[in-house]
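Asker: Pasting a structure here, questions to come.
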Amino acid sequence: MKKTLWILLFIPFLLDAQGGMWIPLHLEKQNEKDMKSLGLKIKADDIYAISQPSLKDAICQFDGGCTGEMISPEGLLLTNHHCGFDAIQQLSTLEHNYLEDGYWAKNRNEELPADGVTALFITRMEDVTALAMQGVSESMAERDRQALVDKNLAQIKANTKKEKWEDIQVRPFYNGNQYYLFVTQTFKDVRFVGAPPSSIGKFGADTDNWVWPRHTGDFSMFRVYADKDNRPAAYSKDNKPFQPKKFLAISLDGVEEGDFTMVYGFPGRTDEYLTEAAVRQTGEVLDPAKVAIRDRALKIMDGFLRKDPAVKIDYIAKYSTIANGWKKWLGEMQGLQKFGAYDKKRDYETEFTRRVALNTDFRYKYTNLLPRLRQLYQDIEPYALTRDYYFEACIRNSEILGLAAGMRGWIETFDKNGADFFAGKKPEMAAKLDDFYTGYHPEVDEAVFAGLMELYARNVRAEWGGAFVRTMAEQHNGYPGLANHIFKNSVLAEKGKMNALLQEKPETIAKTLQNDPAFTFWKTLNDAYQEHIQPKLQELQPQINLLQRQYMAAQMEVFREKRFFPDANSTLRLTYGKVDDYSPRDAVEYEEHTYLEGVMEKYIPGDYEFDVPKKLIELWKSKNYGQYADANGRMPVGFIGTNHTTGGNSGSPALDAYGNLVGLNFDRVWEGTMSDLNYDPAICRNIMVDIRYVLFIMDKFGEAGYLTREMKLVKGKKKRKKGKDK
C-alpha cells in the first residue's frame, strides 16, 4: 500500500516527456528516446551536429531577442512580424508606411537595409563545466568562488580556437552549477524583404495577444548578406546573399492533432526551479503591482492612439511592448493560482525535505536550505516591490523620467570631469536625444506621468519616495497639475528647447539640466531608491542567488530519477511536444487549429485591431488559396501545441517529425503564461502561425510568389493518425 502511494505521489514529478528547454548537444542521450515515442522520425544528429549540416545551422538569434530561420539557400530569413516590427517602423514614413500597408521587395535591389539588425548563428557548443570549476571548493567564500570562476572562464575563452570572424560566449546553466561555451558568428548586413500589413501581421493586436483562438499572420521576411567569402561583414552593396549550411524544407501537408512538433530557438528566461515562496511572491505581490502600473499607462495611451493617426504610428510599438508584459503577468498570476502551482511547489518541497531527512549526507548539506530561502524571500519582499514600482513608474513607462535617468551620467560629468570632458560627450548625447525625440509626443507622456505618479504616491512608503510625490502633487493642485508644471518648464519635454540649449556653453547646459524640474524630480526619487532600496537588494539578492544555486544542485542530487533541463538563458534550445487542443475551464474546449473563416468572423471595418484588407476578403470569398489550402479546402491560419516556449522563442520554427517547417512560433495561450515558472502540459500551449498561411499571404495576397522559387516545398510525408475524430 505504501509503495503504491509513493509511486502515485511521484507521477507529477516524473512525467516530463513533454516540457523543458533542452540543450541540443545532449539530445541523443537525454531526449531522443522520448522524442521518438512522441513521433520523431529523424535522428538527434539531424537536429544538432557539428561534423555535418544539421537543423541548428538554419536557426539564428534575430536582432538579439527573437529567433529566425533560414528558409532558402540564398539567406532568406523568416521571423515574426513583431520581431521585425522595430526595423519595419524605422523604415516607415507617413508616405511609405510599411507597417500600415505592408511591403514586398520585387527584386534584390528593393530589399531595404535594416540598420542595426543582426543574425547570430551557433557554430558549435561545448560543456566546459570542469574547466570553469577548476580549483573551486564548497568551502570558498562566494566572492572568492566567483572570482576564480571568472578567471577560469577568461582562460577558457583565450584557449578556445576560433576563426577571426567568430565570437565566443560562455554562459552559466543550472543557476551557475554548469557552464557551456558557444562559438558564434554574427551577420550585420540584414535587409528587409517583406511583411504583410499590420492588419494581418498584428491582426487582433492587443486584444488577442496571449489568447487563443488566434488569427494573426505574425511573420516578416529578411535576407542575410555576407561578404564574398560567405562570412559576416558590415553592410556593403558588394555583399552577396548568405549561403547557410542548412535551410529548412517547408511542408505543405500541415499537422494534425496528436502530431509531433518541436520548436528550435533562443528562449529568453525561465525560472522553473524556484521555491514556493519565490513563486508565490511573484504571483501574489510583484505581478499585481506591475499589472496595475501598466494598466494605467495603457488606458491613457490608448485614448491618444485612437484619436490621432500620427500618434498611433509613433506609439504603437511602445504600446505593444507595454501591453505584452502587462497581459503576460496578468495571465501568469491567475494561472499560478488556478492550476495549483503553489500546491505543487509545496508538495515537491515536502518530498525534498523528507528525502533529505532520510539521508545522512543530505541532512548535513541541505536541511536548512528551504527555511533560509523562505526567510530571505520574506525579508526582500518590500524592497523588491518598491523596486518594481520604481522601475515601472519612473523608468520604463514614463518617457521623460526615463530620459532624465539616462542623462544623469552625462550631466554629472561636468562637476566630476570638467567642461571640456562634458563638451566632448555632447555629440554622443545629441544623437541619443535625436533618437528619443523621434516619434515623441509630450502630451501623451504628460498624461501617463500624472497617472503613474498617483499610483506611486499611493503605494510606495512615505520615507521611500511616496511622501515626496504626494507633497509635490498637493503643491500643484493634484497630479495633472504636477505633470503640467514639470512638462511646461522642463527642457527635456520639448525637442526645440533641448536643441537650443545644446547650442549654449557647457556651463549653461550643465546648470540648466541640473536644475531642470523633470531631472530634479527623478533625482529625488532615485536618491530615495538608492538610499533605502538598493542597499537592501544588494545585501539580500546575492544571498538568495547563492542558496538558489545550492538548491538547484540539491534538487539534481536528491531527485536522481528526474531529468532536469536548464532554465532558459537566451541560448539555443529545443523543446518538443505535440499538436493538442485544451480546456481552460469548465465546459470550454478549444480546438487546435484556426482558419481564415475565423478572421472574417472577427472582422470589424475600420477597427485598428480587427480591420481586414479588402484584398484578403476577396481572396477568402473566391477561395483562391492555391496550393496552400488543407485537404478540406480551408485556409489554415494557426495551431497550438504543447511545446514549452517563452520570450525569445518568438520567430522560432515549428518543425514536424521530419524536421520540415510547418509553422512559426509567436505566442502562448493566456491560461498557460505561467509556464515560465510552472510548465503544465495539460494547459500550457504555444501558438504558431501555420506556414501555409505565411505562404498564402506572401504569394496570393502580397504577390511575392517569386520568393517560393527559392524555397524547398515538400508534400506527401506519411502521417500518424491520432487524436479524436472530428
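The values are calculated or read from the model by the stated rules, or taken from the named source; none is laboratory data. Treat the numbers as computed from the prediction; the structure is a model and nothing was measured. Using ideal geometry, Cβ is built from the backbone for each residue, glycine included, and neighbour counts are taken over all protein chains shown.
Asker: Which of the residues that make up segment 428-441 are touching a Lys or Arg at 6+ places or on another chain (Cβ under 9 Å), part of a helix (DSSP H, G or I) and not hydroxyl-bearing (Ser, Thr, Tyr)?
Answerer: 433, 434, 436
Asker: Being crowded, with 20+ Cβ neighbours inside 10 Å and at pLDDT 95 or above is the requirement here; does residue 573 meet it?
Answerer: yes
Asker: Being assigned to a helix (DSSP H, G or I) and in contact with a Lys or Arg (Cβ under 8 Å, 6 or more places away or on another chain) is the filter here, so list the residues in segment 383-418 that pass it.
Answerer: 383, 386, 388, 392, 402, 404, 406, 408, 410, 413
Asker: Report yes if some residue within segment 315-322 is in contact (Cβ under 8 Å) with a residue 40 or more places away in the chain, in contact with a Phe, Trp or Tyr (Cβ under 8 Å, 6 or more places away or on another chain), of a type outside the set (S, T, N, Q) and surrounded by fewer than 20 Cβ atoms within 10 Å (Cβ to Cβ); otherwise report no.
Answerer: Checked segment 315-322: at least one residue is in contact (Cβ under 8 Å) with a residue 40 or more places away in the chain, in contact with a Phe, Trp or Tyr (Cβ under 8 Å, 6 or more places away or on another chain), of a type outside the set (S, T, N, Q) and surrounded by fewer than 20 Cβ atoms within 10 Å (Cβ to Cβ).
Asker: If you scan segment 556-569, which residues turn out to be surrounded by 17 or more Cβ atoms within 10 Å (Cβ to Cβ) and over 26 Å from the mean Cα position of the chain (by Cα)?
Answerer: Those that are surrounded by 17 or more Cβ atoms within 10 Å (Cβ to Cβ) and over 26 Å from the mean Cα position of the chain (by Cα): 558, 559.
Asker: Here are some conditions: (1) more than 25 Å from residue 119 (Cβ to Cβ); (2) of a type in the set (Lys, Arg); (3) part of a helix (DSSP H, G or I). Residue 157 meets all but one. Which one does it not meet?
Answerer: All conditions are met except number (1).
Asker: Hey, another quick one. I'd like to check something: does segment 558-573 contain any residue that is among the aliphatic types (A, V, I, L, M), within 30 Å of residue 44 (Cβ to Cβ) and part of a helix (DSSP H, G or I)?
Answerer: Looking through segment 558-573, at least one residue is among the aliphatic types (A, V, I, L, M), within 30 Å of residue 44 (Cβ to Cβ) and part of a helix (DSSP H, G or I).
Asker: Sort out which residues of segment 181-225 are in a loop (DSSP other than H, G, I, E, B), surrounded by 21 or more Cβ atoms within 10 Å (Cβ to Cβ) and among the basic types (Lys, Arg), and write them in order of number.
Answerer: Matches in segment 181-225: 202, 214.
Asker: Here is a follow-up. Taking the condition of being among the small types (Gly, Ala, Ser) and touching a Lys or Arg at 6+ places or on another chain (Cβ under 7 Å), how many residues in segment 266-277 meet it?
Answerer: Number of matching residues: 1.
Asker: Go through 138, 126 for me and flag whichever is within 24 Å of residue 59 (Cα to Cα) and outside any helix (DSSP H, G or I).
Answerer: It is 126.
Asker: Could you list, ordered by first residue, the pairs with Cβ atoms under 7 Å in which the first is in segment 325-346 and more than 24 Å from residue 293 (Cβ to Cβ) and the second is among the polar types (S, T, N, Q), at least 6 apart or interchain?
Answerer: These pairs meet every condition: 344/678; 345/275.
Asker: Right, something else. Residue 174: of a type in the set (Phe, Trp, Tyr) and in contact with a strand residue (DSSP E or B) (Cβ under 7 Å, 6 or more places away or on another chain), yes or no?
Answerer: Considered against the rule, which asks whether it is of a type in the set (Phe, Trp, Tyr) and in contact with a strand residue (DSSP E or B) (Cβ under 7 Å, 6 or more places away or on another chain), residue 174 comes out as no.
Asker: Residues in segment 580-589: is at least one touching a helix residue (DSSP H, G or I) at 6+ places or on another chain (Cβ under 9 Å) and either hydroxyl-bearing (Ser, Thr, Tyr) or modelled with pLDDT of 95 or more (or both)?
Answerer: yes
Asker: Sort out which residues of segment 612-634 are over 17 Å from residue 690 (Cα atoms), without any contact (Cβ under 8 Å) to a residue 40 or more places away in the chain and either in a helix (DSSP H, G or I) or under 31 Å from the mean Cα position of the chain (by Cα) (or both), and write them in order of number.
Answerer: Result: 614, 617, 618, 621, 622.
Asker: Also, quick follow-up: Can you list the helices (runs of 4 or more DSSP H) lying wholly within segment 442-523 that have 1 or more residues being over 34 Å from the mean Cα position of the chain (by Cα), crowded, with 18+ Cβ neighbours inside 10 Å and of a type in the set (Lys, Arg)?
Answerer: 466-475
Asker: Next up: Tally time: how many residues in segment 354-410 are of a type in the set (Gly, Ala, Ser) and without any contact (Cβ under 8 Å) to a residue 12 or more places away in the chain?
Answerer: 3
Asker: Output the number of the condition that residue 164 fails; it satisfies all remaining conditions of (1) closer than 16 Å to residue 75 by Cα; (2) without any contact (Cβ under 8 Å) to a residue 60 or more places away in the chain; (3) not small (Gly, Ala, Ser).
Answerer: Exception for residue 164: condition (1).
Each row is one residue, and each column tells you yes or no for (1) closer than 26 Å to residue 203 by Cα; (2) in contact (Cβ under 8 Å) with a residue 60 or more places away in the chain.
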{"position": "58", "(1), (2)": "no, yes"}
{"position": "65", "(1), (2)": "yes, yes"}
{"position": "76", "(1), (2)": "yes, yes"}
{"position": "89", "(1), (2)": "yes, yes"}
{"position": "101", "(1), (2)": "yes, yes"}
{"position": "107", "(1), (2)": "no, no"}
{"position": "111", "(1), (2)": "yes, yes"}
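Asker: Search segment 583-611 for residues that are at positive phi and pair each with any residue that is of a type in the set (Ser, Thr, Tyr) and modelled with pLDDT of 95 or more when their beta-carbon atoms are under 7 Å apart and the residues are at least 6 apart or on different chains.
Answerer: Note: no pairs meet the criteria.
Asker: Residue 130 is checked against (1) over 21 Å from residue 24 (Cβ atoms); (2) of a type in the set (Gly, Ala, Ser); (3) over 30 Å from the mean Cα position of the chain (by Cα) and fails just one. What number does that condition carry?
Answerer: (1)
Asker: Every residue in segment 603-633 that is surrounded by 11 or more Cβ atoms within 10 Å (Cβ to Cβ) and over 16 Å from residue 197 (Cβ atoms), please.
Answerer: Listed by number, the residues that qualify are 623, 624, 625, 626, 627, 628, 629, 630.
Asker: Might you check whether a residue that is at pLDDT 95 or above, more than 27 Å from residue 589 (Cβ to Cβ), crowded, with 20+ Cβ neighbours inside 10 Å and in contact with a strand residue (DSSP E or B) (Cβ under 8 Å, 6 or more places away or on another chain) occurs anywhere in segment 676-692?
Answerer: no
Asker: Against the condition within 20 Å of residue 205 (Cβ to Cβ), part of a strand (DSSP E or B) and touching a residue at least 60 places away in the same chain (Cβ under 8 Å), how does residue 637 come out, does it pass?
Answerer: Judged against the criteria, residue 637 is a match.
Asker: Please enumerate the residues belonging to segment 206-231 that are more than 24 Å from residue 87 (Cβ to Cβ) and β-branched (Val, Ile, Thr).
Answerer: Of everything in segment 206-231, those that are more than 24 Å from residue 87 (Cβ to Cβ) and β-branched (Val, Ile, Thr) turn out to be 207, 211.
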